[in-house]
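Read the structure below first, then the notes.
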Amino acid sequence: MLTSIKTNSFEGNKSKELGMMYFRVAIILFGAQLVMGLIAATQFLVPGFLFELFDFSVARMVHINALVVWMLYAMIGSVYYMLPDETGVETVGVGLGKLGFWVLTVAVTIVVLVYIFVQVGAGTEASIWLIHEGREYIEAPRWADIGIVVVVLLFYWNVFASYMKGKQTGIMTVMVANLLALAGLYVAGMFFTDNISMDQFWWWWVIHLWVEATWEVFVGTLAAFALIRLIGAKREIVEMWLWIEVLMLFGSGILGMGHHYFWIGTPEYWWEIGALFSALEPVPLIAMFVHVLYDWGKEQGISEAKGKAKTVVTNSPAMAWIVTNAFGNFLGAGIWGFFHTLPQVNIYTHGSQFTAAHGHLAFFGAYATILIGMMYMGIQGAYGVKIMKMTFKSKMGIFLVTFGVMGMTIALTVAGYEQVLVERAELGATWNAFFVAQELPWYVQAQLWRAIMGVMTFVGFIYLVWDLLTIGSLAKDQERNS
Ligand code: HEM
Ligand code: HEM
Ligand SMILES: [Fe+2]
């Protein structure tokens, strides 16, 4: 991946080069995210670990902020990568895109250094502007917020202007409309109010309406694009699925936000609204699952019927990650989300390790997977190879990362179950009950298993990076020799 910019075969396609720049930062931040997760997981087992040097609150904050930021980088990278293919024209303002990239990267670096060096202190008006805003997942201080808005406007202009200039495919139409909603929602998380209910109310507009509406639609467009490229799926079929998914995702996701309004001081009618609409949210995820597997099976069948080569897949590591996405999205968001989405259940599970189990599998299954798939597509393009096959490293990467995250999820589900039973049901969710539950063997063992599975994930990540760095030139050599 490092050399891919120099030895690229994009034939002067600057937009794709720009996409690769974003991918590179994304994978570095992904690594940073995992290291922070390992530190935080160790602190669950050995509470004094790095105390007052690198506190749990900071490790956790950097862990989840890096998560969001690397995904946004990979999303922007994916858009710049697919834009010329979909529109048929070169992206309009590549120079502006590069400027945006550097401004964003410098800002992210400064923000992370400030998080790490200023770990504790009073929360004041100045700290909101300069240090962080204290809103989980989107903690960037206000100066950086404003910078992010400017960079995103540049990005959006680039996408919109290229779309207007080139072909307007269904995929790009959904992309352009959805990106406007995705970017616009960020603004809802920028205003500070000292009423905690109001603050949470708006904060969920960003978090929930990102991951359960706009980001889901975004990955729908990526899957549609990727299936056309990877297995030659028919555009009409893929785009038909995409429109169905958009309808269902927005139909359930927008009011599904009620599942976060159960206990924050909002009116009680949110119980019914949240219960009904969020219970419908898994439906589009099944549609996405069917979409990927159906198209794959169909194309494979057509190719076999014609007596052609057995597989139609042009980039098997990318395809493997996209199929993992179909399963992971359905399991992590759909099943693990549904488990605790009814108010009758959520009153016991709210904010327990169960939530963390769902958070891990959903973010990984729905987003990390397909974005990694897009990185593999980027590498294939950078080396200009027609067929890119899985290597041993690709297999180790996907296997260890996926099973590691699955293992962490199961461990956290056990911990959450114990919390629900002992802390919430038996002991009545008192202050003392929390500490009793934290010390019982099931909880402690579950945390140990989470750490072990976290190490497995990290080893898988190393294989993944190693593969991304080498698979392109390997495929190129194979192509030359055949
Ligand atoms: C890819 C999509 C999704 C992602 C990335 C995701 C991620 C998350 C995360 C990280 C949290 C914890 C937020 C916090 O820190 O407080 C959360 C909470 C929650 N999610 Fe999801 N989620 C997704 C989809 C879903 C779906 C489809 C459902 C329901 C069917 C669902 C139901 C819930 C509920 C009920 C909570 C609140 C848990 C609590 O009360 O503690 N999620 N989600
Ligand atoms: C090396 C592997 C990892 C380890 C050891 C790890 C560990 C942790 C720890 C200790 C927390 C804090 C939990 C708490 O406050 O109770 C956390 C939170 C979180 N992690 Fe990870 N993590 C890892 C990988 C990942 C991956 C791959 C993702 C998603 C792609 C992810 C997404 C999250 C999310 C969304 C939260 C917030 C959950 C919530 O508040 O409900 N982590 N992680
Ligand atoms: Fe939600």
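The values are calculated or read from the model by the stated rules, or taken from the named source; none is laboratory data. Predicted model, so just to flag it, every value in this text is computed and none were measured. Counting neighbours? That spans all protein chains shown, and the Cβs are built from the backbone with ideal geometry, glycine included. Only protein heavy atoms, including side chains, enter the accessible area calculation; ligands, DNA and RNA are left aside. Shrake-Rupley method; radii C 1.70, N 1.55, O 1.52, S 1.80 Å.
Brief remarks follow.
- Condition met for Val405 (crowded, with 22+ Cβ neighbours inside 10 Å and under 23 Å from the mean Cα position of the chain (by Cα)): yes
- Of all residues in region 274-287 being over 22 Å from the mean Cα position of the chain (by Cα) and open to solvent by 50 Å² or more (accessible area, probe 1.4 Å), the one that is nearest to ligand 1 (Cβ to nearest atom): Phe277
- Pairs with Cβ under 7 Å, 6+ apart, first in region 104-126 and farther than 18 Å from Arg24 by Cα, second open to solvent by 40 Å² or more (accessible area, probe 1.4 Å) and not in a helix (DSSP H, G or I): Val114/Ile131; Tyr115/His132; Val118/Ile131; Gly123/Gly134
- Among residues of region 340-368 being over 19 Å from His63 (Cβ atoms) and near ligand 1 (Cβ under 8 Å from one of its atoms), the one that is surrounded by the fewest Cβ atoms within 10 Å (Cβ to Cβ) is His350.
- Residue under evaluation Arg229, criteria (1) in contact with a helix residue (DSSP H, G or I) (Cβ under 7 Å, 6 or more places away or on another chain); (2) open to solvent by less than 60 Å² (accessible area, probe 1.4 Å); (3) not hydrophobic (A, V, I, L, M, F, W, C), criterion not met: (2)
- In region 413-430, the residues that are over 12 Å from Gln447 (Cβ atoms) form Cβ pairs under 6 Å with partners that are hydrophobic (A, V, I, L, M, F, W, C), at six or more places apart or across chains, as follows: Thr413/Ala357; Val422/Ala437; Glu423/Ala433; Glu423/Phe434; Glu423/Ala437; Leu427/Ala433.
- Considering (1) crowded, with 22+ Cβ neighbours inside 10 Å; (2) over 17 Å from the mean Cα position of the chain (by Cα); (3) away from ligand 2 (no atom under 16 Å from the Cβ); (4) of a type outside the set (Lys, Arg), the lone condition that Ser316 does not fulfil carries the number (1).
- Among the conditions (1) in a helix (DSSP H, G or I); (2) surrounded by fewer than 19 Cβ atoms within 10 Å (Cβ to Cβ), the only one that Trp203 does not satisfy is (2).
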